[in-house]
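The values are calculated or read from the model by the stated rules, or taken from the named source; none is laboratory data. Remember, predicted model here, so these are calculated numbers, not experimental data. Virtual Cβ from ideal backbone geometry, glycine too; neighbours counted across all protein chains shown. The area values use the complete protein model at the heavy-atom level, side chains included, leaving out ligands, DNA and RNA. Shrake-Rupley method; radii C 1.70, N 1.55, O 1.52, S 1.80 Å.
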Amino acid sequence: CSSDLRIAILDAPTIDGTITEWNALVAPSFPSSEAKASARLKVVVRDSRSHAIYNATFSGEATASHPLLDEEGVQKLLAQAMGSALEAAVKDDEFVAQLAKGRIQ
């Protein structure tokens, strides 16, 4: 019986993220209710030795107005706000550049 043992050492950066804000405010009204959701993420890129090389905060918002705004609608709005914050992160050129630079040569 033989088995192969492989050990891989990754020389790659890591990302730490913290959700610092994620909420929705709903204002019931007639003829339609309004809601606003917001999300904020703090992101830290660390090099392969765990040294912080980049810090940033990204935000996202979403709004809705509907006569029958229910819990599911508010959940979707919260998801849109978080998606917007994540999209801001991946579209940030400096964030992406730091991911590429995070490898120790």
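Brief remarks on what is shown
- Here the Debye sum runs over all C-alpha atoms of the chain as equal scatterers in vacuum, and log10 of I(q)/I(0) at q = 0.16, 0.18, 0.22, 0.23 Å⁻¹ comes out as -0.75, -0.84, -1.03, -1.09.
- Here the chain exposes an accessible surface that is 53 percent carbon and sulfur, computed with a 1.4 Å probe and the other protein chains kept in place.
- Listed residues Leu68, Leu77 arranged by accessible area, highest first, probe 1.4 Å: Leu68, Leu77
- Residues of the chain: accessible area per residue with a 1.4 Å probe, Å²: 72
- For region 62-105, the list of trypsin sites (Lys or Arg not before Pro) that fall in a loop by DSSP and count at most 15 other C-beta atoms within 10 angstrom reads Lys91, Arg103.
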